[in-house]
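No lab work stands behind these numbers, since they all come straight from the coordinates. What you see is a predicted model, and the numbers here were worked out from it, not measured in a lab. Cβ placement follows ideal geometry from the backbone for every residue including glycine, while neighbour counts extend to all protein chains displayed.
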Amino acid sequence: MDFGVVLQTDPPARRVVDLARRAEANGFTHVWVFDSPVLWQEPFVVLARILAETERVIVGPMVTNPGSRDWPVLASTFATLNDAYGPRTICGIGRGDSALRVIGRKPRTLAEMVEAMRVVKGLVAGETVDYHGTELRFPWVEQGWDLPMWGAGYGPRALDCVGRHADGFVLQLADPQILEWTRTAVTDAAAAQGRAPGSVATCVVAPAYVGDDVAHQREQLRWFGGMVGNHVADLVKRYGEGSAGVPKALTDYIKDRADYDYAHHGRAGNPATDFVPDDVVDRFCVLGRVEDHIAKLTTLRDIGADHFAIYLMHDAEDETLDAYGRSVLPVLAGTAAARSPHSPAPATRPGPAGEGTRTFSGASSDGRKAGGVTRTAQPTGFSGGATAGSKRAGSEGRHGARAAGVGRAAGDWQAATGAEYERKGFSARSGYGTRPALLIVDFIKGFTDPGTGLGGDYGAELAVTAKLLAEFRSRALPVFFTTVAYESHLRDAGQFVAKVPALSILIKGSDWVQVDERIRPRPSEPVVLKKYASAFFDTRLDMELRGLGVDTLVMAGCTTSGCIRASAIDSMQYGFHTVVVRDAVGDRAQTPHEVNLFDIDAKYGDVVSSGEVLGYLRGLGERGGLGTTADDEFRRWWNRAPA
């Protein structure tokens with residue numbers, strides 16, 4: 001099962017892009033946006049920026065229509081995005097609701113929708129198409145892209161149309177009964193058209209809100225029943241009230257519906273949606289605690305949903321994304337339905353570059369990729385020590401994670417603890433600023449030589465750190481190293497050396513206190529001398545970072561349970577966005593490594609993958625320099641305060 005998020009392009013656009021980046025960091029595969037240019041900012045401008053600041057997510061409108069833009073213009077937009085950022089686009093399309101009604105026009109016909117799909121898809125693929133009697137082809141498209149076209153609809157004719165002509169079916173509600181009815185109609189139409197089983201993907205789109213206060217969630221999400229009611233009202237007009245062609249579960253609730261005010265379209269607190277009863281909110285949306293979400297999504301998946309996209313229009317946007325990243329995606333992302341009579345075959349799709357093809361066909365999380373981050377299952381519980389045959393815990397063999405924190409495979413200790421922490425208000429994302437620095441903690445020879453009492457084999461972590469270091473240097477971003485060194489009398493080591501006698505080898509001037517040659521500092525890169533665990537304690541690090549205008553501290557090094565943890569806590573306390581790079585930090589044993597990564601992610605900073613950090617850095621712009629974010633004029637528009 002893939003996961004997407006649907007956003008409205010309200011200003012400031014920077015917030016929309018930040019949510020998209022947060023979704024990618026949490027393992028979401030798709031980012032969708034509303035397409036109603038009067039009610040919201042132009043979606044494709046914002047989608048271009050999302051593509052520029054992310055690495056993997058696929059983006060597109062949820063949904064566009066045949067009437068807002070001329071079809072070759074729409075096709076050119078998609079083809080240009082694919083040329084600039086790679087084939088990372090998808091097109092959700094319907095007949096048109098708010099985009100057309102707000103400007104006084106009616107929704108377009110299904111025949112027009114089918115024809116628009118043909119023209120747009122063909123032009124993006126680099127083909128010659130007939131457009132109202134004129135042959136068209138984009139001469140600048142050298143290698144086309146098979147743009148997925150997913151059609152939205154509820155009624156019998158729309159479902160038949162989607163099954164015969166679209167690549168995917170979009171159902172904008174999460175009622176299992178209605179999903180089963182609509183999906184059956186789509187798959188039957190596809191079969192009648194001679195299409196192969198599983199050729200039409202099924203996407204369920206609905207609001208989701210994670211938390212304990214279901215009454216509050218209902219009030220926040222009641223708007224959705226009103227939005228769906230617009231389409232249902234059209235069905236009742238076309239097919240008649242009580243028609244056998246449309247289930248009563250879809251139509252009964254709109255009997256008390258009055259006029260709809262598009263000024264509040266898709267927004268929490270919409271006063272025109274008071275007619276929507278609680279049971280409809282419960283059926284159409286996904287509410288409650290994490291376990292409630294997993295249960296309902298499992299039901300939808302087993303009916304045949306391949307993709308679930310969250311309408312994120314409520315007052316807990318960040319918290320819901322993070323809860324899904326921590327506790328829902330590790331259970332369901334990439335899993336296929338238990339095969340029901342109408343379920344497609346397991347989805348086979350291209351993996352990241354160099355990985356070939358991957359097939360997702362079960363609920364196991366072993367070796368699975370979600371959003372570019374490997375998720376590996378772990379045995380239930382911990383043995384209390386290092387894994388057999390391992391000198392320390394590093395990037396190999398540890399609990400693979402979501403990009404935004406420590407991963408939690410279903411059934412292990414972190415899943416239960418993470419869910420409990422989530423309910424109690426822990427584990428939100430602190431995110432990134434725009435002026436980052438890299439802090440490499442204690443990758444000195446006394447720690448990186450496995451032969452010392454302090455040491456371990458951190459080869460994998462050093463290799464990742466070297467990549468981060470190269471990226472920071474290429475952008476002229478600040479880099480700091482730390483070392484630990486004492487006078488020969490050790491009086492400056494205080495109780496630390498009494499507690500850890502192995503520290504006594506770290507004498508000033510010795511080879512043990514030199515930074516590992518694999519990441520040798522440049523003359524311009526400060527090496528902070530510290531005596532204790534935190535890089536901030538009794539040093540000038542905070543002053544130097546503030547002098548450079550740094551707002552985000554990215555951390556690599558060792559050890560996770562000691563100097564990384566202490567430095568992360570102080571970094572947060574000094575007010576920096578604190579980012580610990582999961583595959584660039586290590587410890588001498590598995591258990592303290594895992595537990596401290598979990599704890600840092602829950603309380604002090606964000607534990608992320610190096611891939612996420614590299615994507616973040618590349619989103620800062622190509623000119624280099626501290627805090628560079630592409631064009632200055634564009635940035636002024638981008639970061640403007642809400643009206």
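Here are the numbers for the structure shown:
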| item | result |
| --- | --- |
| Share of pairwise Cα separations in the stretch 130-189, more than 16 Å, in percent | 55 percent |
| Inter-centroid distance (Cα atoms) of the stretch 535-611 relative to the stretch 196-210, Å | 38 Å |
| Largest-first principal axis extents, alpha carbons of the stretch 79-166, Å | 38, 30, 30 |
| Value of D in µm² per second that Stokes-Einstein yields for the stretch 37-99, Kirkwood Rh from Cα pairs, at 37 °C (0.692 mPa s) | 270 µm²/s |
| Pairwise label distance in nanometres, E42 with T134, each label 7 Å out on the Cα-Cβ vector | 2.1 nm |
| Among A84, G96, G126 the positive-end extreme of the charge dipole of the stretch 1-157 (Cβ point charges) | G96 |
| Over 24 Å (Cα to Cα) - which of K467/K508; K445/K467; K296/K424; K499/K531; K121/K296 fall in this group | K467/K508; K121/K296 |
| Alpha-carbon centroids, the stretch 49-125 and the stretch 276-317: separation in whole Å | 26 Å |
| Net dipole in debye of the stretch 477-556 [+1 Lys, Arg Cβ; -1 Asp, Glu Cβ; about Cα centre; nearest 20] | 120 debye |
| Size of charge dipole - the stretch 436-476 - debye, nearest 20, with Cβ of Lys, Arg +1 and Asp, Glu -1, no other charges | 240 debye |
